[in-house]
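A quick write-up on the structure given underneath.
The values are calculated or read from the model by the stated rules, or taken from the named source; none is laboratory data. Just so we're clear, the structure is a prediction, and the values are computed from it rather than from any experiment. Here the Cβ positions follow ideal geometry from the backbone for every residue, glycine too, while neighbour counts run over all protein chains shown.
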Amino acid sequence: MKMTPEEYGRLAQKASPPSPMGKNLLMAFLCGGGICALGEGFRLLYQWLGADEELAAAGVSVTLIFLAVLLTGLNVYDNLAKHAGAGTLVPITGFANSVASPALEFKSEGFILGLGAKMFIIAGPVIVYGTAASILYGLVLWLFRLY
Amino acid sequence: MDVLLSLLKAFLVGGALCAVGQILIDRTKLTPARILTSYVVIGVLLGALGIYPKLVEFAGAGASVPLLGFGNLLAKGVREAVKADGALGILTGGFTAAAAGIAAALFFSLVAALVFKPKEKG
C-alpha cells in the first residue's frame with residue numbers, strides 16, 4: 001500500500017491513543033498552583049512574624065528550596081514531577097530539584113567533577129542567561145540614565 | 001478572609017504560569033532546561049518593562065515563586081544597584097539579588113547529596 005506522508009500522518013494519529021494533553025495541563029495547573037499557594041502561606045506567616053516584604057520573599061524562596069531539596073533526597077520530588085510536569089518544574093522548587101537531583105545522581109562519579117560539576121547542568125544555563133539579561137538591562141538603565 | 005483570598009490568587013496565577021509551561025512542553029520541542037532558562041530571561045524582560053512587579057503585587061508568591069519571578073528579582077536587583085552604586089551595579093545587581101536562592105540551592109543540594117543515597121536505577 002502506497003500513501004503520502006500526509007495520509008500516513010493522519011492514519012498514525014487515528015491509531016495512536018488520545019493525547020493526555022488535557023490531563024497534563026490540569027496536573028500542571030493544580031501542582032504548580034499548590035506550590036505557589038504554599039509559598040504564599042509562608043509569605044503571609046513570615047510577614048505576620050514581622051518580616052518586611054523583601055525578607056519575607058527571600059524567606060519563601062529559601063524555605064521552598066529547602067523543602068524541594070529534601071523531597072528530592074527522599075526521592076519524592078522526582079516521582080511527583082512525573083505526574084505534575086511543568087507544575088513542579090516552573091516554580092523555584094523545580095530549579096532546586098534541577099540542582100539536587102544531578103548532585104545525588106552523579107555523586108558516584110566523584111565530588112569534584114561528579115557532584116560539584118553536574119549540579120550546574122541545568123542551573124548553569126539558567127544562571128548564565130539570567131545574569132547576562134540582567135547585565136544588559138543594567139547597561140541600558142545606566143547608559144540612558146533611566147534610574 | 002484576606003488570607004484565603006491571597007492564597008487563592010497565588011494558586012490561580014501560579015497555576016496558570018505553570019500551565020503555560022506545560023503547553024510549551026507538550027506543543028513544542030522545548031526541553032525542561034530550555035523552559036527554565038527562557039522563563040528566567042523572560043522574567044528579566046517583564047521585570048524591566050515594569051509589568052511583572054504589578055503581577056507580584058497582585059498575586060504575591062503566585063508570581064514570585066515561578067521562575068519568571070526569579071528573573072524579575074534579577075531585574076529589580078540591577079535597578080536598585082545601578083541607582084545606588086552607578087556603573088558597578090550593572091555587574092553586581094543581578095547576582096546580589098539572586099544570591100540567597102542560588103546559594104541555598106547549591107548548599108542544600110551538597111548536604112543532601114552527602115546525606116541521602118541516590119535512587120536505585122531501574
Among the basic types (K, R), modelled with pLDDT of 95 or more and over 30 Å from A:L26 (Cα atoms): is that true of B:K76 in this structure?
yes
B:G50: passes all of (1) in a helix (DSSP H, G or I); (2) surrounded by fewer than 23 Cβ atoms within 10 Å (Cβ to Cβ) but (1)
For the range B:61-76, which positions are at the interface with chain A (Cβ under 7 Å from one of its Cβ atoms), assigned to a helix (DSSP H, G or I) and either in contact (Cβ under 8 Å) with a residue 40 or more places away in the chain or not aliphatic (A, V, I, L, M) (or both)?
B:A61, B:G62, B:S64, B:F70, B:G71
Among the candidates B:F95, B:F58, which residue alone is in a helix (DSSP H, G or I) and either among the charged types (D, E, K, R) or facing chain A (nearest Cβ under 7 Å) (or both)?
B:F95
Looking at B:V78, B:V40, B:V20, B:V44, which is the one that is of a type in the set (V, I, T) and under 23 Å from A:T63 (Cβ atoms)?
B:V40
In the range A:47-86, the residues that are part of a loop (DSSP other than H, G, I, E, B) and either under 23 Å from B:L30 (Cβ atoms) or touching a helix residue (DSSP H, G or I) at 6+ places or on another chain (Cβ under 7 Å) (or both):
A:A51, A:G85
Go through the range B:14-24 and count every residue that is hydrophobic (A, V, I, L, M, F, W, C) and buried (at least 21 other Cβ atoms within 10 Å of the Cβ).
3
Among the residues of the range B:7-44, which ones are in contact with a helix residue (DSSP H, G or I) (Cβ under 8 Å, 6 or more places away or on another chain), more than 18 Å from A:L30 (Cβ to Cβ) and either within 7 Å of chain A (Cβ to nearest Cβ) or in a loop (DSSP other than H, G, I, E, B) (or both)?
B:L30, B:P32, B:A33, B:I35, B:L36, B:T37, B:Y39, B:V40, B:V41, B:V44
With A:G73, A:G39 as the choices, which residue is in contact with a Leu (Cβ under 8 Å, 6 or more places away or on another chain), at the interface with another protein chain (Cβ under 9 Å from one of its Cβ atoms) and in contact (Cβ under 8 Å) with a residue 40 or more places away in the chain?
A:G39
Determine, yes or no, whether A:I135 is within 7 Å of chain B (Cβ to nearest Cβ) and of a type outside the set (S, T, N, Q).
yes
Spot the failing condition for B:K119; the list is (1) in contact with a helix residue (DSSP H, G or I) (Cβ under 7 Å, 6 or more places away or on another chain); (2) at the interface with chain A (Cβ under 7 Å from one of its Cβ atoms), and only one is missed.
(1)
Out of A:A86, A:A96, which single residue is facing another protein chain (nearest Cβ under 7 Å), buried (at least 23 other Cβ atoms within 10 Å of the Cβ) and in contact (Cβ under 8 Å) with a residue 40 or more places away in the chain?
A:A86
Every listed condition ((1) more than 25 Å from A:F144 (Cβ to Cβ); (2) facing chain A (nearest Cβ under 8 Å)) holds for B:K83 save (1)
Please work out if A:P91 is in contact with a strand residue (DSSP E or B) (Cβ under 6 Å, 6 or more places away or on another chain) and either within 7 Å of chain B (Cβ to nearest Cβ) or of a type in the set (S, T, N, Q) (or both).
yes
